[in-house]
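A short write-up of the structure that comes next.
The values are calculated or read from the model by the stated rules, or taken from the named source; none is laboratory data. Keep in mind the model is a prediction, meaning the values are calculated, not measured. Because the Cβ atoms are built from the backbone with ideal geometry, glycine has one as well, and the counts that use them run over all protein chains shown.
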Amino acid sequence: MSKSVTRPNNLEAFWMPFTANRQFKQTPRMMVAAKDMHYTTDDGRQIMDGTAGLWCCNAGHGRPKIVEAVQKQVAELDYAPAFQLGHPKVFELASALTEISPQSMNHVFFTNSGSESVETALKMAIAYHRVKGDGSRTRLIGRERGYHGVNFGGISVGGIVSNRKMFGTLLGGVDHMRHTHDIERNAFTRGCPAYGAEFADDLERIIALHDASTIAAVIVEPMAGSTGVLMPPEGYLQRLRDICDQHGILLIFDEVITGFGRMGGAFSSDVFGVVPDMMTTAKGLTSGVIPMGAVFVRDDIHDAFMTGPEHLIEFFHGYTYSGNPVACAAALGALETYHEEGLLTRASELGPYWEDALHSLKGLPHVIDIRNFGLIGAIELEPIAGEPTKRAFTAFLDAFDKGILIRTTGDIIALSPPLIISKAQIDELFGVLADVLKSLD
Ligand code: PXG
């Protein structure tokens, strides 16, 4: 098939998200095709995808089951109103998802992104307490360095300063626990760090300050991705769970990155054994192919809303595209691919090989920490004095020139390849990355 336009002649009109627009437009990096583990650029180069797009293409690119499902669906039923009407695939998908969700979570609310999943879960948490007659529980607790998307609720509970500081006073009634990064004690840990379970006790401090009776929910990423890949210290998530239980506070795991196989199980509750009350997801749900998110909800939370006259709407929330048929088809195609190829657990099987390859970079110039879990890796670099982020961004550009796609945040390199990566491709990825790191100033 011929590619239509590979290099547009005007790059001005498009204001790019989370991008150094001027730098990009001087030296564009343009992708025109993708298949399995690789992108093709407009100048015909193959780039190995070390990041699954933006942590989302978990099944790899151009996977036949997903492509066919989308093509068929768009021709058959492109759209059906989402309010007061349904279509078969959305029910089929919700049921299929509850097959892989924790046992107590058999209800799914669809959104279009991780950010919308977060807003949905936060609103559900506050509304849940209210329908239970506990309307004073309205506070939301997040964590420093947390990333929960870019909408107002998400940046309010989030803790990434550059995502918050430009946008005014944000939501009221929000507080933050301390983050869990402790490089002095935990540098070069393989898997979850040994130190830091006690950071969960910071929640007790916040509860003592505000009183539990005012707090609706705590939201955390089980593994904090965007901030630069921080694994939960051993015992930390369980301790959060215990404190929430003790005080009647809902625990929300934001699994937008960690869901759908990234950690070595369908969700992080499968690998950490700690079950939240709600889970927010997106990304890997459709393997990144069509925008879609989903909030998983504990049964009794859902049931608490199902009271009152039956002709009345129970929850005044939803999106035009909640459960869009084409998105549902993509998600069903992705699930089929995950199941057929064992991708939901592949990261745990390949994890030790990945871990060894990643940690072989220890000792290279400027590397001050390496972290990993499942098919996730992070390399923290010493920042250039007075020029934070520059060293990692230089690595990103050089890596792209050398044929691998990595992500950087601050001076941290993050890796999260499609779950189909082979051992030979892991070797290649880290071989090129080692060259990149060796040539850094
Ligand atoms: N929650 C979490 C935990 C996320 O990681 C979102 C919510 C928001 O999802 P949407 O679909 O609204 O973007 C995210 C998104 C990166 C990177 O490189 C991470 C995200 C998005 C883009 C880049 O770390 N996470």
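Inspect all residues belonging to the range 136-147 and state whether any of them is within 10 Å of the ligand (Cβ to nearest atom) and either in the same structural domain as Y321 (by TED's automatic domain parsing) or within 15 Å of E221 (Cα to Cα) (or both). Walk me through how you get there before you give the answer.
If we filter the range 136-147 for residues that are within 10 Å of the ligand (Cβ to nearest atom), which is where we start, we get 146-147.
Now drop any that are not either in the same structural domain as Y321 (by TED's automatic domain parsing) or within 15 Å of E221 (Cα to Cα) (or both), which leaves 146-147.
Looking for residues that are within 10 Å of the ligand (Cβ to nearest atom) and either in the same structural domain as Y321 (by TED's automatic domain parsing) or within 15 Å of E221 (Cα to Cα) (or both), one finds at least one in the range 136-147, hence yes.
With the requirement that a residue be within 16 Å of the ligand (Cβ to nearest atom) and assigned to a loop (DSSP other than H, G, I, E, B), what does the range 72-130 give you?
N112, S113
Across the range 74-88, not a single residue is classified as β-branched (V, I, T), assigned by TED's automatic domain parsing to the domain that holds V289, farther than 16 Å from L405 by Cβ and in contact with a Gly (Cβ under 9 Å, 6 or more places away or on another chain). Applying the set (1) more than 13 Å from the ligand (Cβ to nearest atom); (2) assigned to a loop (DSSP other than H, G, I, E, B) to V271 leaves exactly one unmet item: (2).
Considering the range 324-424, there are no qualifying strands (runs of 3 or more DSSP E) wholly inside with 2 or more residues that are among the charged types (D, E, K, R) and under 30 Å from F83 (Cβ atoms).
Whether any residue in the range 128-137 is within 29 Å of G351 (Cα to Cα) and modelled with pLDDT of 95 or more is what I want to check. Explain how you work it out, then say what you get.
Start the filter on the range 128-137 by keeping residues that are within 29 Å of G351 (Cα to Cα), which leaves none.
No: the range 128-137 contains no residue that is within 29 Å of G351 (Cα to Cα) and modelled with pLDDT of 95 or more.
Answer with yes or no whether G293 is surrounded by fewer than 24 Cβ atoms within 10 Å (Cβ to Cβ) and either assigned by TED's automatic domain parsing to the domain that holds R346 or not charged (D, E, K, R) (or both).
Details: surrounded by fewer than 24 Cβ atoms within 10 Å (Cβ to Cβ): no; either assigned by TED's automatic domain parsing to the domain that holds R346 or not charged (D, E, K, R) (or both): yes.
For G293, the condition - surrounded by fewer than 24 Cβ atoms within 10 Å (Cβ to Cβ) and either assigned by TED's automatic domain parsing to the domain that holds R346 or not charged (D, E, K, R) (or both) - is not met.
Please count how many residues of the range 54-90 are at positive phi and surrounded by 22 or more Cβ atoms within 10 Å (Cβ to Cβ).
Quick first cut of the range 54-90, residues at positive phi only: 55, 60, 62, 84.
Next, from what is left, pick out any that are surrounded by 22 or more Cβ atoms within 10 Å (Cβ to Cβ): 55, 60.
The total comes to 2.
Being among the acidic types (D, E) and closer than 28 Å to G264 by Cβ narrows it down to one residue among E92, E12; which is it? Just one listed residue meets the conditions, E92.
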